[in-house]
Amino acid sequence: MAHMALTVGFDLDMTLIDSRPGIRACYQALSERTGTYIDADLAVTRLGPPLAEELVNWFPAEEIPAMADLYRAMYPAIAVTATPALTGAREAIAAVREAGGRAIVVTAKYEPNAKLHLAHLRIEPDAVIGDLWAEQKAEALREHDAGVYVGDHVGDVRGARTAGALSVAVATGPCPEEELRAAGADVVLTDLTEFPRWLSDYRPARA
């Protein structure tokens, strides 16, 4: 099936990695460093949107840029080693490669930190593009001619649809299956362990 030259995009947080432990620890450290209360347990229930959209719940608007910079600077030492791959993540990337395709990561996460996560977990996509959220993700998906985008959030569904890519959603993040379907996901999987079989069925349909 190498003639298909299919490019598949993947979201990062709660799609390929369970970033909750690391992000929770980083918010706790930011709270201690700044003396500002942050409900880290609540924050990790709504992962997906950019960092600033969470920080605005805890800091005055004028402090957000500085707090975001501080969080990102603290992040590598606190969050990377605390973050595991989600079940099926490596196999999903491998399935794309075995089909003769390319696997890219398109995420709202700060790109240098996204790359640190992937390097630590020895997940090696063909490209990593960070700092893009929801419809903005369509920029990278179009640039890399991605025909499929896999994510866990309704924002990922919007990004796929804006790019004209097939939206494959996994119910491993904050959005349940029914919400993903209502947002327009073309396919909803329980988790990435179902992705290789789905891809093997999808390729003959394309051919």
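The values are calculated or read from the model by the stated rules, or taken from the named source; none is laboratory data. This one's a predicted model, so the numbers in the text were calculated from it and none came from an experiment. Cβ atoms come from the backbone with ideal geometry, glycine included; neighbour counts cover every protein chain shown. SASA here: full protein model, heavy atoms, side chains in, ligands and nucleic acids out. Shrake-Rupley method; radii C 1.70, N 1.55, O 1.52, S 1.80 Å.
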Original post:
If only one of 103, 119 is farther than 25 Å from residue 53 by Cβ, free of Cβ contacts under 8 Å to residues at least 12 places away in the same chain and among the small types (Gly, Ala, Ser), which one is it?
Top reply: 119
Original post:
Of everything in the range 89-106 that's in a helix (DSSP H, G or I) and of a type outside the set (Asp, Glu), which residue is most open to solvent (accessible area, probe 1.4 Å)?
Top reply: 90
Original post:
Here are some residues: 94, 127, 140. Which one is among the aliphatic types (A, V, I, L, M) and more than 12 Å from residue 7 (Cα to Cα)?
Top reply: 94
**OP:** Among the residues of the range 20-49, count how many are surrounded by 17 or more Cβ atoms within 10 Å (Cβ to Cβ) and at positive phi.
**Re:** 1
**OP:** Given the conditions (1) closer than 21 Å to residue 157 by Cα; (2) surrounded by fewer than 19 Cβ atoms within 10 Å (Cβ to Cβ); (3) among the basic types (Lys, Arg), report the number of the one that residue 109 does not fulfil.
**Re:** (2)
Original post:
Any idea which of 29, 99 is of a type in the set (Gly, Ala, Ser) and modelled with pLDDT under 95?
Top reply: 99
**OP:** Among residues belonging to the range 146-165 that are assigned to a helix (DSSP H, G or I) and buried (at least 24 other Cβ atoms within 10 Å of the Cβ), point out the one that is nearest to the chain's Cα centre (by Cα).
**Re:** 156
Original post:
For the subset of the range 47-84 comprising residues that are of a type in the set (Gly, Ala, Ser) and in contact (Cβ under 8 Å) with a residue 40 or more places away in the chain, which member is nearest to residue 151 (Cα to Cα)?
Top reply: 48
Original post:
Are any residues in the range 50-73 open to solvent by less than 30 Å² (accessible area, probe 1.4 Å) and not in a helix (DSSP H, G or I), and if so, which ones?
Top reply: 59
Original post:
Can you name the residue in the range 7-47 that is among the aliphatic types (A, V, I, L, M) and part of a helix (DSSP H, G or I) and, of all such residues, is farthest from residue 108 (Cα to Cα)?
Top reply: 29
Subject >> Residues that are under 21 Å from residue 137 (Cα atoms), over 17 Å from the mean Cα position of the chain (by Cα) and in a helix (DSSP H, G or I), drawn from the range 180-207 >> reply: 181, 182
Original post:
Based on what the data block shows, is residue 138 over 19 Å from residue 86 (Cα atoms), touching a Ser or Thr at 6+ places or on another chain (Cβ under 6 Å) and surrounded by 15 or more Cβ atoms within 10 Å (Cβ to Cβ)?
Top reply: yes
Original post:
residue 44: free of Cβ contacts under 8 Å to residues at least 60 places away in the same chain, of a type in the set (A, V, I, L, M) and under 16 Å from residue 14 (Cβ atoms), yes or no?
Top reply: yes
